[in-house]
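Here, each number is a calculation from the coordinates, and none is a lab measurement. Because the structure is a prediction, the values reported are computed rather than measured. Positions of Cβ are backbone-derived with ideal geometry, glycine not excepted, and every protein chain shown enters the neighbour counts.
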Ligand SMILES: [Zn+2]
């Protein structure tokens with residue numbers, strides 16, 4: 001049968017919904033009649049996957065690109081905030097290629113194109129409309145805890161998903177897919193990997209028949225060959241499995257190591273010999289069950305894509321006040337705005353000038369200072385008055401920190417774990433109101449007075465608190481007086 005799987009025509013078995021290629025079209029039609037199926041041709045789709053196309057070609061990914069474009073065209077008609085866009089990118093766009101990513105190696109050009117689609121959608125860029133990408137995509141792809149939005153890098157995610165097959169190869173000895181691969185490429189000693197393998201797995205010793213004593217990692221992160229190279233050179237059993245170098249004592253009950261070396265040790269080698277014995281003595285196989293692989297990145301020893309992805313991605317050394325941004329119960333679009341502001345990247349005049357716009361930097365709120373993120377949201381007299389007003393409502397004193405980032409760091413849960421629900425909303429609420437007022441003054445040439453802004457702060461906070469069930473007050477006045485910590 002295998003020799004006939006290279007023809008140009010194919011059957012579609014209508015009962016089993018599968019198609020089989022054969023060499024001669026004439027016999028294909030005869031067989032099709034007997035089997036009551038139709039003749040198809042390559043390339044074709046099987047279980048949603050392209051069949052008969054070289055798996056490395058970029059065209060394999062065309063259906064994914066088409067589906068993404070289709071999704072986008074239906075979303076384009078909707079008005080979506082940044083928060084809504086983020087939700088759609090995470091829930092839909094980045095999940096579309098997952099099935100393909102778990103089977104094929106993604107070409108770099110395709111990964112770049114898919115990420116470009118995600119990036120443009122997130123920031124609202126399209127053919128008709130240019131929008132700035134406010135934060136670098138590399139940062140956007142960090143986890144939330146380190147200042148990103150938790151969107152996955154496709155190339156790394158692809159590696160992590162494909163890693164599952166490497167893991168399964170060592171554990172699913174009887175499965176058909178594994179037998180096909182082992183037949184085609186051969187398998188390494190112990191059957192953990194195919195013949196060509198670049199890295200070793202960690203493993204747990206059962207009966208010791210699949211684990212190589214010197215080469216596999218079964219005593220920790222390194223093989224014994226690497227830990228004790230001098231002893232390895234002298235060993236008579238360089239390729240032995242663990243079970244080959246274990247024997248029973250004369251009484252037949254106690255297992256002991258039976259390592260053989262082709263010469264006596266020199267004095268300088270004795271220390272290594274004792275140390276190796278100390279290392280392996282407690283690990284002598286008890287003979288229970290078979291050897292199995294062990295995933296060191298998880299406590300339960302089982303493979304999972306997330307831990308592998310995080311390792312491939314590498315540790316991101318970056319501290320970010322993520323709880324203050326994402327744990328506060330504020331609308332998603334406001335949280336997204338605060339996230340951008342903490343990165344110092346909202347489009348204030350100084351940032352626009354850094355992007356090449358020729359402007360006069362003048363704060364439209366106070367007409368006194370240059371407009372920077374920290375000035376506009378914290379230190380501008382109008383913003384400052386709103387902050388002071390808010391502290392009065394809560395009946396507290398507060399020294400304003402220098403930057404938006406520092407403020408978010410020290411703000412959240414300052415009133416304690418149980419009293420902070422509404423308090424945690426305040427920075428998002430105030431910054432959002434100052435920002436919308438700034439945009440109103442810049443683009444619509446209208447403005448609200450300080451008293452109106454204070455009332456807006458009260459109302460917004462009241463609405464959000466009621467929405468999340470943090471307050472059952474029926475009037476704003478009642479709500480505001482309930483906030484004071486003096487009660
Ligand atoms: Zn100002």
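The angle between the Cα long axis of helix 381-394 and the main principal axis of the chain comes to about 80°, on a 0 to 90 degree scale. Between residue 286 and residue 472, the simple label model (points 7 Å from Cα in the Cβ direction) yields a spacing of 5.7 nm. Once the Cα atoms are used to define both axes, helix 176-185 deviates from the longest principal axis of the chain by about 70 degrees. Place a label point 7 angstrom from the Cα of residue 316 along the Cα-to-Cβ direction, then list the residues of region 331-370 whose backbone nitrogen is under 20 Å away. The answer is 332-346, whose backbone nitrogens lie closer than 20 Å to the label point.
Enter the angle in degrees (range 0 to 90, nearest 10) between the Cα long axis of helix 450-467 and the first principal axis of the Cα atoms of the chain, meaning the one along which they spread out most. That works out to roughly 40 degrees. Simple spin-label estimate for residue 366 and residue 400 gives 0.7 nm between the two label positions (7 Å along the Cα-to-Cβ direction from each Cα). Let me have the 222 nm mean residue ellipticity of the chain computed from DSSP H runs of 4+ only, each contributing -39500 (n - 2.57), with the sum over all residues rounded to the nearest 500. It lands at -12000 deg cm²/dmol.
Relative contact order, whole percent, for the chain stands at 10, derived from Cα pairs under 8 Å and 6 or more residues apart.
Hey, any idea what the orientation-averaged projected area of the convex hull of region 248-313's Cα atoms comes to, in nm²? Please list the in-between numbers first.
On the way: hull surface 32.7 nm².
Averaged projected area of region 248-313's Cα convex hull equals 8.2 nm².
Length available on full extension from residue 108 to residue 436: 0.36 nm per residue minus the Cα-Cα distance, which gives 114.1 nm. If the segment from residue 385 to residue 69 were pulled out straight at 0.36 nm per residue, it would be longer than the present Cα-Cα gap by 109.1 nm.
If we sort 445-457, 255-267 on the protection proxy, mean other Cβ atoms within 10 Å, highest first, what's the order?
On the way: 445-457: 13.5, 255-267: 11.8.
Most protected by this proxy first, the peptides run 445-457, 255-267.
Between residue 350 and residue 304, take the C-beta separation as r, use R0 = 35 Å, and let me know the FRET efficiency to the nearest 0.05. Please report the intermediate quantities before stating the final value.
Working: r = 44 Å, r/R0 = 1.26.
The calculated FRET efficiency here is 0.20.
Viscosity 0.890 mPa s, temperature 25 °C: what is the translational diffusion coefficient of region 322-482 from Stokes-Einstein with a Kirkwood Rh over Cα pairs, rounded to a whole number of µm²/s? D, rounded to a whole number, is 151 µm²/s.
Nearest 5 is fine: what % of DSSP beta bridges in the chain come out antiparallel, could you say? Provide the component values of the computation, followed by the final result.
Details: 20 of 21 bridges.
Of all bridge pairs located within the chain, approximately 95 percent are antiparallel.
Using a simple spin-label model with pseudo-atoms 7 Å out from Cα toward Cβ, residue 484 and residue 409 lie 3.3 nm apart.
Taking 0.36 nm per residue of separation and subtracting the current Cα-Cα distance, fully stretching the chain between residue 90 and residue 181 would add 29.3 nm.
Using every pair of distinct Cα positions in the chain, the Kirkwood expression returns a hydrodynamic radius of 28.8 angstrom. Taking all Cα pairs closer than 8 Å and separated by 6 or more residues, the relative contact order of region 272-428 comes to 19 percent.
Computed over the Cα atoms of region 59-134, the ratio of the radius of gyration to the Kirkwood radius (Rg/Rh) comes to 0.97.
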